[in-house]
1. For the stretch 149-162, what are the residues that are in contact (Cβ under 8 Å) with a residue 60 or more places away in the chain and surrounded by 15 or more Cβ atoms within 10 Å (Cβ to Cβ)?
2. Looking for whichever is farther than 25 Å from residue 141 by Cβ, without any contact (Cβ under 8 Å) to a residue 12 or more places away in the chain, over 18 Å from the mean Cα position of the chain (by Cα) and assigned to a helix (DSSP H, G or I) here; the options are 184, 174, 180. Which one fits?
3. So, of the residues in the stretch 47-59 that are without any contact (Cβ under 8 Å) to a residue 40 or more places away in the chain, touching a helix residue (DSSP H, G or I) at 6+ places or on another chain (Cβ under 8 Å) and not in a loop (DSSP other than H, G, I, E, B), which turns out to be farthest from residue 169 (Cα to Cα)?
4. Kindly provide the set of residues from the stretch 1-46 that are surrounded by 14 or more Cβ atoms within 10 Å (Cβ to Cβ), part of a loop (DSSP other than H, G, I, E, B) and modelled with pLDDT of 80 or more, ordered by number.
5. Could you grab me the full set of residues in the stretch 98-114 that are at pLDDT below 65 and touching a helix residue (DSSP H, G or I) at 6+ places or on another chain (Cβ under 6 Å)?
6. Which numbered condition trips up residue 187, out of (1) touching a strand residue (DSSP E or B) at 6+ places or on another chain (Cβ under 6 Å); (2) at pLDDT 95 or above?
7. Has the stretch 79-99 got at least one residue that is farther than 20 Å from residue 176 by Cα, in contact (Cβ under 8 Å) with a residue 24 or more places away in the chain and over 12 Å from the mean Cα position of the chain (by Cα)?
């Protein structure tokens, strides 16, 4: 879950983003739009924590395929779950992601992200390269995996300096579930969301 926190810090840097010409590239346009909307959300002084959480939830629903990410990171443990457990896990996972990002966004300090380009990986996925530019320190490489969902692109993974959020989270969940139940994982996600 620490990797997700690192990714959350990276997401918070999508502020005051550079605007390259991305109109003809839907995956790049998606990343740019997400950046622009996060800027608007964070710069709205009338929003309190609950308003920001709701705003982030709406952005994640619009731009990310969180149900897919949640299933992916649960891996082989997803298949045997009944509908009730799947719903409980998916809700806990989405709440966890939204709350972790919201906490990290509170510490925004003026970093910027610059979309550098994109390349197709296969007939469904495109990687959008970007870098986080900080006031001090070298830039941080950030790559977004965007999947075509029936003509609608959605982010399904974010990689920071070569570390995939989804794969790191999957490894962490698999380790946790070696000695614990899905109920324990759901409880942990809820606890981490609230803390």
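The values are calculated or read from the model by the stated rules, or taken from the named source; none is laboratory data. As the structure is a computational prediction, the values presented were derived from the model and not from experiment. Neighbour counts run over all protein chains shown; Cβ positions are idealised from the backbone, glycine included.
1. Step one: filter the stretch 149-162 for residues in contact (Cβ under 8 Å) with a residue 60 or more places away in the chain, giving 149, 153-158, 160.
153, 154, 155, 156, 157, 158, 160, listed by residue number.
2. On the way: 174 fails: without any contact (Cβ under 8 Å) to a residue 12 or more places away in the chain; 180 fails: assigned to a helix (DSSP H, G or I).
Testing whether each residue is farther than 25 Å from residue 141 by Cβ, without any contact (Cβ under 8 Å) to a residue 12 or more places away in the chain, over 18 Å from the mean Cα position of the chain (by Cα) and assigned to a helix (DSSP H, G or I) leaves just 184.
3. Filtering the stretch 47-59 down to residues without any contact (Cβ under 8 Å) to a residue 40 or more places away in the chain leaves 47-48, 50-51, 54-55, 58-59.
If we keep only those that are touching a helix residue (DSSP H, G or I) at 6+ places or on another chain (Cβ under 8 Å) too, we end up with 47, 55, 59.
Filter once more, so that each one left must be not in a loop (DSSP other than H, G, I, E, B): 55, 59.
On the way: 55: 24, 59: 21 Å.
Taking the candidates together, the pick is 55.
4. Within the stretch 1-46, 25 is the sole residue that qualifies.
5. Result: 108, single match.
6. Only one criterion is unmet by residue 187, namely (1).
7. no
Let's see how each residue does on (1) farther than 30 Å from residue 141 by Cα; (2) surrounded by 12 or more Cβ atoms within 10 Å (Cβ to Cβ):
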{"position": "61", "(1), (2)": "no, yes"}
{"position": "71", "(1), (2)": "no, yes"}
{"position": "78", "(1), (2)": "yes, yes"}
{"position": "85", "(1), (2)": "yes, yes"}
{"position": "88", "(1), (2)": "yes, yes"}
{"position": "92", "(1), (2)": "no, yes"}
{"position": "113", "(1), (2)": "no, yes"}
{"position": "119", "(1), (2)": "no, no"}
{"position": "124", "(1), (2)": "no, yes"}
